[in-house]
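See below for the structure under consideration.
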Ligand code: SAH
(Lines give C-alpha, C1' and ligand atoms only; values in the text may rest on other atoms or scores of the structure.)
Protein backbone atom coordinates (compact mmCIF):
# COMPACT_ATOMS: atom_id res chain seq x y z
CA UNK A 1 0.00 0.00 0.00
CA UNK A 2 1.47 3.39 -0.96
CA UNK A 3 2.09 6.11 1.56
CA UNK A 4 -0.70 8.44 2.72
CA UNK A 5 -1.08 11.88 1.14
CA UNK A 6 1.71 14.42 1.57
CA UNK A 7 1.83 16.16 4.92
CA UNK A 8 -1.49 17.93 5.42
CA UNK A 9 -1.60 21.60 4.59
CA UNK A 10 -4.19 24.04 5.89
CA UNK A 11 -6.29 25.61 3.19
CA UNK A 12 -9.21 27.91 3.76
CA UNK A 13 -12.40 25.88 3.40
CA UNK A 14 -14.70 27.22 0.72
CA UNK A 15 -17.84 26.75 2.85
CA UNK A 16 -18.55 27.42 6.50
CA UNK A 17 -17.39 24.46 8.57
CA UNK A 18 -19.98 25.20 11.27
CA UNK A 19 -22.74 24.31 8.86
CA UNK A 20 -21.54 20.71 8.77
CA UNK A 21 -20.60 20.04 12.36
CA UNK A 22 -22.56 17.83 14.68
CA UNK A 23 -22.28 20.54 17.34
CA UNK A 24 -24.74 22.81 15.56
CA UNK A 25 -27.23 20.00 14.78
CA UNK A 26 -29.56 21.80 12.37
CA UNK A 27 -32.71 19.84 11.61
CA UNK A 28 -31.48 18.41 8.32
CA UNK A 29 -28.47 16.84 10.00
CA UNK A 30 -30.85 14.47 11.73
CA UNK A 31 -31.52 12.99 8.34
CA UNK A 32 -28.62 10.49 8.16
CA UNK A 33 -29.95 8.55 11.14
CA UNK A 34 -33.31 8.19 9.47
CA UNK A 35 -31.48 7.19 6.31
CA UNK A 36 -29.39 4.53 7.98
CA UNK A 37 -32.53 3.08 9.52
CA UNK A 38 -34.31 3.13 6.18
CA UNK A 39 -31.44 1.42 4.36
CA UNK A 40 -31.21 -1.25 7.03
CA UNK A 41 -34.92 -1.99 7.05
CA UNK A 42 -35.36 -1.80 3.26
CA UNK A 43 -32.47 -4.25 2.96
CA UNK A 44 -33.96 -6.56 5.55
CA UNK A 45 -37.20 -6.75 3.60
CA UNK A 46 -35.19 -7.76 0.53
CA UNK A 47 -32.73 -10.10 2.20
CA UNK A 48 -34.64 -13.35 2.04
CA UNK A 49 -34.77 -13.89 -1.74
CA UNK A 50 -31.13 -12.90 -2.21
CA UNK A 51 -29.95 -16.37 -1.22
CA UNK A 52 -27.67 -15.39 1.63
CA UNK A 53 -29.80 -16.83 4.36
CA UNK A 54 -31.53 -14.71 6.94
CA UNK A 55 -28.46 -13.10 8.38
CA UNK A 56 -26.56 -11.17 5.75
CA UNK A 57 -25.84 -8.60 8.48
CA UNK A 58 -23.45 -10.96 10.22
CA UNK A 59 -21.59 -11.78 6.99
CA UNK A 60 -21.34 -8.09 6.21
CA UNK A 61 -20.01 -7.24 9.66
CA UNK A 62 -17.33 -9.91 9.25
CA UNK A 63 -16.26 -8.24 6.00
CA UNK A 64 -16.07 -4.88 7.80
CA UNK A 65 -13.97 -6.43 10.56
CA UNK A 66 -11.54 -7.82 7.97
CA UNK A 67 -11.30 -4.39 6.33
CA UNK A 68 -10.68 -2.79 9.73
CA UNK A 69 -7.81 -5.18 10.36
CA UNK A 70 -6.39 -4.97 6.81
CA UNK A 71 -3.73 -2.42 7.74
CA UNK A 72 -4.99 -0.09 4.98
CA UNK A 73 -5.60 3.52 6.12
CA UNK A 74 -9.41 3.49 6.19
CA UNK A 75 -11.71 5.98 7.91
CA UNK A 76 -13.99 4.44 10.57
CA UNK A 77 -16.97 6.44 9.30
CA UNK A 78 -16.56 4.84 5.86
CA UNK A 79 -16.55 1.35 7.37
CA UNK A 80 -19.64 2.30 9.35
CA UNK A 81 -21.41 3.37 6.14
CA UNK A 82 -20.31 0.17 4.37
CA UNK A 83 -21.65 -1.89 7.25
CA UNK A 84 -25.11 -0.47 6.44
CA UNK A 85 -25.18 -1.07 2.70
CA UNK A 86 -26.30 -4.55 1.56
CA UNK A 87 -23.69 -5.19 -1.15
CA UNK A 88 -25.33 -8.50 -2.08
CA UNK A 89 -28.39 -6.68 -3.42
CA UNK A 90 -26.25 -4.91 -6.01
CA UNK A 91 -24.97 -8.06 -7.71
CA UNK A 92 -26.70 -10.87 -9.56
CA UNK A 93 -28.35 -13.27 -7.08
CA UNK A 94 -26.08 -16.10 -8.35
CA UNK A 95 -23.09 -14.08 -7.08
CA UNK A 96 -24.67 -12.89 -3.81
CA UNK A 97 -22.80 -15.53 -1.85
CA UNK A 98 -19.50 -13.85 -2.87
CA UNK A 99 -20.69 -10.32 -2.19
CA UNK A 100 -18.86 -10.01 1.13
CA UNK A 101 -15.52 -11.34 -0.08
CA UNK A 102 -12.89 -8.79 -0.90
CA UNK A 103 -13.25 -9.21 -4.60
CA UNK A 104 -14.58 -7.36 -7.62
CA UNK A 105 -17.56 -9.05 -9.29
CA UNK A 106 -19.12 -8.83 -12.76
CA UNK A 107 -22.21 -6.60 -13.08
CA UNK A 108 -22.85 -7.23 -16.79
CA UNK A 109 -21.89 -5.29 -19.93
CA UNK A 110 -18.22 -6.14 -19.31
CA UNK A 111 -18.14 -4.03 -16.11
CA UNK A 112 -17.38 -4.87 -12.48
CA UNK A 113 -18.32 -3.70 -9.00
CA UNK A 114 -15.09 -2.62 -7.26
CA UNK A 115 -13.56 -4.62 -4.41
CA UNK A 116 -14.70 -3.50 -0.94
CA UNK A 117 -11.11 -2.55 0.05
CA UNK A 118 -10.84 -0.27 -2.98
CA UNK A 119 -14.23 1.37 -2.33
CA UNK A 120 -13.26 1.92 1.32
CA UNK A 121 -9.82 3.24 0.42
CA UNK A 122 -11.01 5.68 -2.25
CA UNK A 123 -13.76 7.16 -0.09
CA UNK A 124 -11.34 7.33 2.86
CA UNK A 125 -8.92 9.30 0.69
CA UNK A 126 -11.76 11.73 -0.15
CA UNK A 127 -12.39 12.26 3.56
CA UNK A 128 -8.70 12.77 4.34
CA UNK A 129 -8.55 15.95 2.23
CA UNK A 130 -6.47 18.77 3.74
CA UNK A 131 -9.48 21.06 4.21
CA UNK A 132 -11.52 18.40 6.06
CA UNK A 133 -13.16 19.68 9.22
CA UNK A 134 -11.61 18.48 12.48
CA UNK A 135 -15.10 18.58 13.98
CA UNK A 136 -16.13 15.05 12.92
CA UNK A 137 -19.23 16.13 11.01
CA UNK A 138 -22.08 13.64 10.68
CA UNK A 139 -22.04 14.09 6.92
CA UNK A 140 -18.37 14.68 6.12
CA UNK A 141 -18.97 15.41 2.42
CA UNK A 142 -21.17 18.07 0.94
CA UNK A 143 -21.63 17.26 -2.74
CA UNK A 144 -19.88 14.31 -4.41
CA UNK A 145 -19.63 13.69 -8.12
CA UNK A 146 -19.11 10.02 -8.99
CA UNK A 147 -18.08 8.96 -12.49
CA UNK A 148 -19.15 5.39 -13.29
CA UNK A 149 -22.29 4.51 -11.30
CA UNK A 150 -22.08 0.86 -12.36
CA UNK A 151 -24.45 -1.10 -10.13
CA UNK A 152 -24.81 1.84 -7.73
CA UNK A 153 -23.09 0.23 -4.71
CA UNK A 154 -20.46 2.92 -4.19
CA UNK A 155 -23.09 5.63 -4.78
CA UNK A 156 -25.15 4.04 -1.99
CA UNK A 157 -22.19 4.16 0.40
CA UNK A 158 -21.55 7.79 -0.58
CA UNK A 159 -25.19 8.63 0.15
CA UNK A 160 -24.54 7.85 3.82
CA UNK A 161 -21.57 10.23 3.92
CA UNK A 162 -22.66 13.16 1.76
CA UNK A 163 -25.54 15.59 1.55
CA UNK A 164 -25.79 15.12 -2.19
CA UNK A 165 -24.42 12.59 -4.64
CA UNK A 166 -24.44 13.07 -8.40
CA UNK A 167 -23.37 9.96 -10.29
CA UNK A 168 -22.94 9.50 -14.04
CA UNK A 169 -23.02 6.23 -16.01
CA UNK A 170 -22.54 5.80 -19.77
CA UNK A 171 -24.25 2.36 -20.13
CA UNK A 172 -28.00 2.87 -20.02
CA UNK A 173 -29.10 -0.53 -18.63
CA UNK A 174 -26.61 -0.17 -15.73
CA UNK A 175 -27.81 3.38 -15.09
CA UNK A 176 -31.43 2.20 -14.99
CA UNK A 177 -30.75 -0.78 -12.76
CA UNK A 178 -28.76 1.35 -10.29
CA UNK A 179 -31.56 3.90 -10.22
CA UNK A 180 -34.11 1.20 -9.31
CA UNK A 181 -31.85 -0.25 -6.65
CA UNK A 182 -31.18 3.08 -4.94
CA UNK A 183 -34.87 3.90 -5.07
CA UNK A 184 -35.69 0.55 -3.43
CA UNK A 185 -33.31 1.45 -0.60
CA UNK A 186 -34.88 4.95 -0.26
CA UNK A 187 -31.55 6.62 -1.09
CA UNK A 188 -33.19 9.48 -2.91
CA UNK A 189 -30.51 12.08 -2.32
CA UNK A 190 -28.52 10.42 -5.13
CA UNK A 191 -29.04 11.97 -8.52
CA UNK A 192 -28.17 9.42 -11.20
CA UNK A 193 -27.41 10.74 -14.67
CA UNK A 194 -26.98 8.93 -17.95
CA UNK A 195 -24.15 10.37 -20.05
CA UNK A 196 -20.43 10.61 -20.68
CA UNK A 197 -18.87 11.26 -17.30
CA UNK A 198 -15.64 12.58 -18.84
CA UNK A 199 -17.52 15.86 -19.12
CA UNK A 200 -18.45 15.87 -15.44
CA UNK A 201 -21.69 17.72 -14.75
CA UNK A 202 -21.19 21.47 -14.87
CA UNK A 203 -24.73 22.54 -13.85
CA UNK A 204 -24.27 21.26 -10.27
CA UNK A 205 -20.56 22.14 -9.92
CA UNK A 206 -18.50 22.80 -7.88
CA UNK A 207 -18.09 19.50 -6.02
CA UNK A 208 -16.09 19.15 -2.85
CA UNK A 209 -15.35 15.55 -3.83
CA UNK A 210 -15.02 13.81 -7.20
CA UNK A 211 -14.49 10.06 -7.41
CA UNK A 212 -14.00 8.05 -10.60
CA UNK A 213 -14.61 4.31 -10.88
CA UNK A 214 -12.99 4.03 -14.32
CA UNK A 215 -9.48 4.97 -15.36
CA UNK A 216 -7.89 6.65 -18.34
CA UNK A 217 -4.57 8.10 -19.41
CA UNK A 218 -5.13 11.42 -17.69
CA UNK A 219 -7.65 13.33 -15.59
CA UNK A 220 -10.25 15.01 -17.84
CA UNK A 221 -9.75 18.79 -17.51
CA UNK A 222 -13.47 19.41 -16.88
CA UNK A 223 -13.26 17.41 -13.63
CA UNK A 224 -10.48 19.73 -12.45
CA UNK A 225 -12.59 22.79 -13.36
CA UNK A 226 -15.59 21.39 -11.47
CA UNK A 227 -13.65 20.63 -8.27
CA UNK A 228 -14.34 23.18 -5.50
CA UNK A 229 -11.58 25.11 -3.73
CA UNK A 230 -10.59 22.92 -0.79
CA UNK A 231 -12.00 19.91 -2.64
CA UNK A 232 -10.37 16.59 -3.49
CA UNK A 233 -10.59 14.29 -6.50
CA UNK A 234 -9.66 10.58 -6.43
CA UNK A 235 -9.34 8.65 -9.69
CA UNK A 236 -7.49 5.67 -11.14
CA UNK A 237 -5.04 6.69 -13.82
CA UNK A 238 -2.38 4.98 -15.88
CA UNK A 239 1.12 5.86 -14.72
CA UNK A 240 4.12 5.17 -16.97
CA UNK A 241 6.32 5.50 -13.93
CA UNK A 242 4.50 2.77 -11.98
CA UNK A 243 3.90 0.63 -15.07
CA UNK A 244 0.14 0.34 -14.38
CA UNK A 245 -2.85 2.08 -12.85
CA UNK A 246 -2.55 4.00 -9.59
CA UNK A 247 -4.98 6.07 -7.54
CA UNK A 248 -4.32 9.73 -8.23
CA UNK A 249 -5.40 12.32 -5.69
CA UNK A 250 -5.84 15.94 -6.76
CA UNK A 251 -6.34 18.67 -4.15
CA UNK A 252 -7.45 22.11 -5.22
CA UNK A 253 -6.59 25.26 -3.30
CA UNK A 254 -6.16 28.92 -4.19
CA UNK A 255 -2.70 28.24 -5.59
CA UNK A 256 -3.98 25.59 -8.02
CA UNK A 257 -4.20 21.80 -8.27
CA UNK A 258 -1.81 19.45 -6.43
CA UNK A 259 -1.43 15.83 -7.49
CA UNK A 260 -0.18 12.83 -5.55
CA UNK A 261 0.05 9.14 -6.51
CA UNK A 262 -1.18 6.37 -4.22
CA UNK A 263 -2.06 2.66 -4.31
CA UNK A 264 -1.74 0.51 -7.41
CA UNK A 265 -5.23 -0.48 -8.66
CA UNK A 266 -7.00 -2.20 -11.53
CA UNK A 267 -10.09 -0.44 -12.89
CA UNK A 268 -12.12 -0.75 -16.09
CA UNK A 269 -11.25 1.88 -18.72
CA UNK A 270 -12.85 5.30 -18.81
CA UNK A 271 -14.59 5.19 -22.20
CA UNK A 272 -16.03 7.98 -24.30
CA UNK A 273 -19.60 8.42 -25.43
CA UNK A 274 -22.66 6.49 -24.26
CA UNK A 275 -24.10 3.02 -24.92
N1 LIG B 1 -18.82 2.41 -8.62
C2 LIG B 1 -19.27 1.29 -9.40
C3 LIG B 1 -18.15 0.68 -10.18
C4 LIG B 1 -18.57 0.46 -11.58
S5 LIG B 1 -17.31 -0.01 -12.71
C6 LIG B 1 -20.00 0.28 -8.54
O7 LIG B 1 -20.09 0.45 -7.31
O8 LIG B 1 -20.54 -0.67 -9.10
C9 LIG B 1 -17.05 1.47 -13.59
C10 LIG B 1 -18.20 2.02 -14.36
O11 LIG B 1 -17.72 3.17 -15.04
C12 LIG B 1 -18.78 1.10 -15.42
O13 LIG B 1 -20.14 0.89 -15.17
C14 LIG B 1 -18.56 1.87 -16.74
O15 LIG B 1 -19.62 1.73 -17.66
C16 LIG B 1 -18.47 3.29 -16.23
N17 LIG B 1 -17.82 4.23 -17.14
C18 LIG B 1 -16.70 4.06 -17.91
N19 LIG B 1 -16.45 5.18 -18.61
C20 LIG B 1 -17.43 6.08 -18.28
C21 LIG B 1 -17.72 7.41 -18.69
N22 LIG B 1 -16.98 8.07 -19.58
N23 LIG B 1 -18.79 8.02 -18.14
C24 LIG B 1 -19.58 7.38 -17.23
N25 LIG B 1 -19.36 6.12 -16.82
C26 LIG B 1 -18.29 5.47 -17.34
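The values are calculated or read from the model by the stated rules, or taken from the named source; none is laboratory data. Predicted model, so just to flag it, every value in this text is computed and none were measured. Note: ideal-geometry Cβ built from the backbone for every residue, glycine included; neighbour counts use all protein chains shown.
From 79, 125, 139, which residue is more than 12 Å from the ligand (Cβ to nearest atom), part of a helix (DSSP H, G or I) and over 24 Å from residue 56 (Cβ atoms)?
Numbers: 79 fails: over 24 Å from residue 56 (Cβ atoms); 139 fails: part of a helix (DSSP H, G or I).
Only one candidate qualifies: 125.
Out of everything in the stretch 90-103 that is closer than 9 Å to residue 56 by Cβ and within 18 Å of the chain's Cα centre (by Cα), what residue ends up being surrounded by the fewest Cβ atoms within 10 Å (Cβ to Cβ)? So that I can check it myself, show each step before the final result.
We begin by selecting, within the stretch 90-103, every residue closer than 9 Å to residue 56 by Cβ; these are 96, 99-100.
Still in the list and also within 18 Å of the chain's Cα centre (by Cα): 99-100.
On the way: 99: 26, 100: 21.
The selected residue is 100.
May I ask you to say which residue of 117, 103 is touching a helix residue (DSSP H, G or I) at 6+ places or on another chain (Cβ under 9 Å), more than 12 Å from residue 153 (Cβ to Cβ) and not in a helix (DSSP H, G or I)? Give the derivation first.
On the way: 117 fails: not in a helix (DSSP H, G or I).
Of 117, 103, the one residue that is touching a helix residue (DSSP H, G or I) at 6+ places or on another chain (Cβ under 9 Å), more than 12 Å from residue 153 (Cβ to Cβ) and not in a helix (DSSP H, G or I) is 103.
Quick check on my filter: what residues within the stretch 82-95 are closer than 19 Å to residue 174 by Cα and either in a loop (DSSP other than H, G, I, E, B) or free of Cβ contacts under 8 Å to residues at least 60 places away in the same chain (or both)? Before the answer, list the steps.
Step one: filter the stretch 82-95 for residues closer than 19 Å to residue 174 by Cα, giving 85-95.
Scanning the stretch 82-95 gives 85, 86, 88, 91, 92, 93, 94, 95.
Give 166, 149 a once-over and let me know the one that is at pLDDT 95 or above, part of a strand (DSSP E or B) and either within 14 Å of the ligand (Cβ to nearest atom) or surrounded by fewer than 24 Cβ atoms within 10 Å (Cβ to Cβ) (or both). Give the derivation first.
Values: 149 fails: part of a strand (DSSP E or B).
Only one candidate passes the filter, namely 166.
Enumerate the pairs (first residue in the stretch 189-212 and modelled with pLDDT under 95; second residue anywhere and surrounded by 24 or more Cβ atoms within 10 Å (Cβ to Cβ)) with beta-carbon separation below 7 Å, excluding pairs fewer than 6 apart on the same chain, so at least 6 apart or on different chains.
189/159; 189/165
What is the residue count in the stretch 177-201 for residues that are in a helix (DSSP H, G or I) and more than 12 Å from the ligand (Cβ to nearest atom)? Reasoning before the result, please.
In the first step, residues of the stretch 177-201 are kept if they are in a helix (DSSP H, G or I); the result is 177-184, 197-199.
After this cut, where a residue has to be more than 12 Å from the ligand (Cβ to nearest atom) as well, the list is 179-180, 183-184.
Residues in the stretch 177-201 being in a helix (DSSP H, G or I) and more than 12 Å from the ligand (Cβ to nearest atom): 4 in total.
Filter the stretch 235-266 down to the residues that are within 16 Å of the ligand (Cβ to nearest atom), touching a helix residue (DSSP H, G or I) at 6+ places or on another chain (Cβ under 8 Å) and under 21 Å from residue 221 (Cβ atoms) and list them by number.
Residues satisfying the conditions are 235, 247.
Hey, can you tell me all the residues within the stretch 215-251 that are more than 19 Å from the chain's Cα centre (by Cα) and in a strand (DSSP E or B)?
229, 238, 239, 244
Please go through (1) buried (at least 21 other Cβ atoms within 10 Å of the Cβ); (2) free of Cβ contacts under 8 Å to residues at least 60 places away in the same chain; (3) within 12 Å of the ligand (Cβ to nearest atom); (4) more than 15 Å from residue 155 (Cβ to Cβ) for residue 220 and return the number of the only condition it doesn't satisfy.
(1)
Check off (1) more than 11 Å from the ligand (Cβ to nearest atom); (2) buried (at least 21 other Cβ atoms within 10 Å of the Cβ) for residue 212 and give me the number that stays unchecked.
Among (1) more than 11 Å from the ligand (Cβ to nearest atom); (2) buried (at least 21 other Cβ atoms within 10 Å of the Cβ), residue 212 violates only (1).
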